[in-house]
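Taking it in order: structure first as structure tokens, then the write-up.
The values are calculated or read from the model by the stated rules, or taken from the named source; none is laboratory data. Being a predicted model, the structure only gives us computed values, none of them experimental. Accessible surface areas use protein heavy atoms only, side chains included; no ligands, DNA or RNA. Shrake-Rupley method; radii C 1.70, N 1.55, O 1.52, S 1.80 Å.
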Amino acid sequence: GVVYFGSDISLIDMSTDGSLVSGYIDQGAGPRAFAWSPSSGFQFFDVQPGVVTDFARMTPDASTFVGTSGTNTMMVRWRTSGEIGTQYCGPAAPNSTGQPAALSAMGTNQLVAGQLDLVGSSLPTSAFGFCLASRTATAASPVMQSQGLLCLGGAIGRFVGPGQILNSGASGQFQFTVPTSAIATPTGLVSGQPGESWHFQAWYRDANPTTTSNFTNGVRITLR
């Protein structure tokens with residue numbers, strides 16, 4: 001249906017799925033950038049007291065906004081979706097960088113509101129890997145021919161379908177968007193349901209010093 005925002009509001013951008021719009025409102029005290037969705041209403045992007053962005057253009061997934069500060073005329077980048085979920089079973093075993101690889105979740109755990117991203121960091125450069133999923137967590141346990149520890153139990157699925165094999169590139173990072181309507185299990189893909197807790201971990205190749213593999217920590221996320 002039609003949603004009326006008022007005559008003092010200018011709409012600037014919209015997410016790919018149309019679930020969120022951004023723009024700015026000017027009620028006489030200067031423009032304030034905002035994002036709006038049916039579920040959360042208005043969210044204003046005040047950088048600091050007295051300094052607001054005067055427009056907000058978003059990435060297609062609505063996770064990041066850019067604009068300018070109306071007071072200081074500086075560019076602003078605003079990541080709306082902070083880290084979510086609970087990390088466990090960490091830190092992971094160190095890899096060839098000397099550091100443990102870390103896995104975090106960004107975005108949203110709301111099935112209808114947007115996307116859920118798993119972000120791996122402190123990985124060896126140009127390392128191949130993929131993400132794992134299970135409804136069950138377990139205490140860290142060694143894995144044969146791997147220097148890492150497995151933090152998932154029960155039925156463990158692997159995201160190894162087309163486009164799901166990851167590479168850390170020159171930055172030593174990768175990002176994976178979890179298809180919450182097609183979560184990998186050993187018996188096929190399943191759709192995540194509200195109230196379910198899922199556990200995720202990433203596996204990756206390494207040379208430390210010879211060819212081996214390793215794991216990140218685990219992340220627990222309860223879907224809504």
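Observations on the model:
- Of Trp198, Trp203, the order by accessible heavy-atom surface (1.4 Å probe, DNA, RNA and ligands excluded), from most exposed downward, is Trp203, Trp198.
- Distance from segment 1-26 to segment 120-185 (C-alpha centre basis), Å: 37
- Expected-Rg normalisation [2.2 N^0.38 Å, Cα atoms] applied to segment 141-184: 1.40
- Taking all Cα-Cα distances within segment 113-224, those exceeding 22 Å account for 30%.
- Largest first, the residues Thr125, Thr64 sort by 1.4 Å accessible area into Thr125, Thr64.
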